[in-house]
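Read through the structure below, which is laid out as structure tokens, and then see the notes.
The values are calculated or read from the model by the stated rules, or taken from the named source; none is laboratory data. What you are looking at is a predicted structure, and each value in this text was computed from that prediction instead of being measured. For neighbour counting, all protein chains shown are included, and Cβ atoms are generated from backbone atoms with ideal geometry for every residue, glycine included.
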Amino acid sequence: MLRTPVSERRLDILEWLKDPAAHFPSQRRRDPTEDGVTADAVAAKLGVRRHVADTHLELLTGIGLLRAKRIRRRTYYRRDEVRIAEVARMFEKGW
């Protein structure tokens, strides 16, 4: 099955991660702005199971729009603003 990097849910995730403190509840001893958010938090926000959220997050990480940071047993995701700006410039130039 061909997976496309653009979907409404993935765009929602990217939008929410612009300001994670406003869109996700506080996590134990972790700052969502600094560390990112877990797949569980994204799944709850999307209203889907965790493996569905994992698929979206892995794809966004794979194409470089998100960064994953492993802290103990959890993986936290946040936007890669530099890469997002690079991609935006490519599309502005008529990629």
(Q) List pairs: first residue in region 1-25 and under 15 Å from Tyr76 (Cα atoms), second residue among the β-branched types (Val, Ile, Thr) and modelled with pLDDT under 85 anywhere in the structure, Cβ distance under 8 angstrom, at least six positions apart or on different chains. (A) Asp19/Thr33; Pro20/Thr33; Ala21/Thr33
Q) All but one of (1) of a type outside the set (A, V, I, L, M, F, W, C); (2) surrounded by 16 or more Cβ atoms within 10 Å (Cβ to Cβ); (3) over 21 Å from Asp12 (Cβ atoms) hold for Arg73; which doesn't? A) (2)
Q.
Checking the conditions here, which among Glu34, Glu58, Glu92 is of a type in the set (D, E, K, R) and more than 15 Å from the chain's Cα centre (by Cα)?
A. Glu92
Q) Is it the case that some residue within region 38-52 is modelled with pLDDT under 90 and not hydrophobic (A, V, I, L, M, F, W, C)? A) no
**Q.** Answer from Asp31, Asp35 - the residue that is out of contact with any Asp or Glu (no Cβ under 7 Å at 6 or more places or on another chain) and surrounded by fewer than 16 Cβ atoms within 10 Å (Cβ to Cβ)
**A.** Asp31
Q | Contacts under 9 angstrom Cβ, first residue in region 78-95 being in contact (Cβ under 8 Å) with a residue 24 or more places away in the chain, partner surrounded by 10 or more Cβ atoms within 10 Å (Cβ to Cβ) and small (Gly, Ala, Ser), 6 or more apart | A | Arg78/Gly36; Arg78/Ala68; Arg79/Gly36; Ile84/Gly64
Q. Filter region 47-67 for residues that are exposed (fewer than 15 other Cβ atoms within 10 Å of the Cβ) and small (Gly, Ala, Ser); which is nearest to Arg29 (Cα to Cα)?
A. Gly47
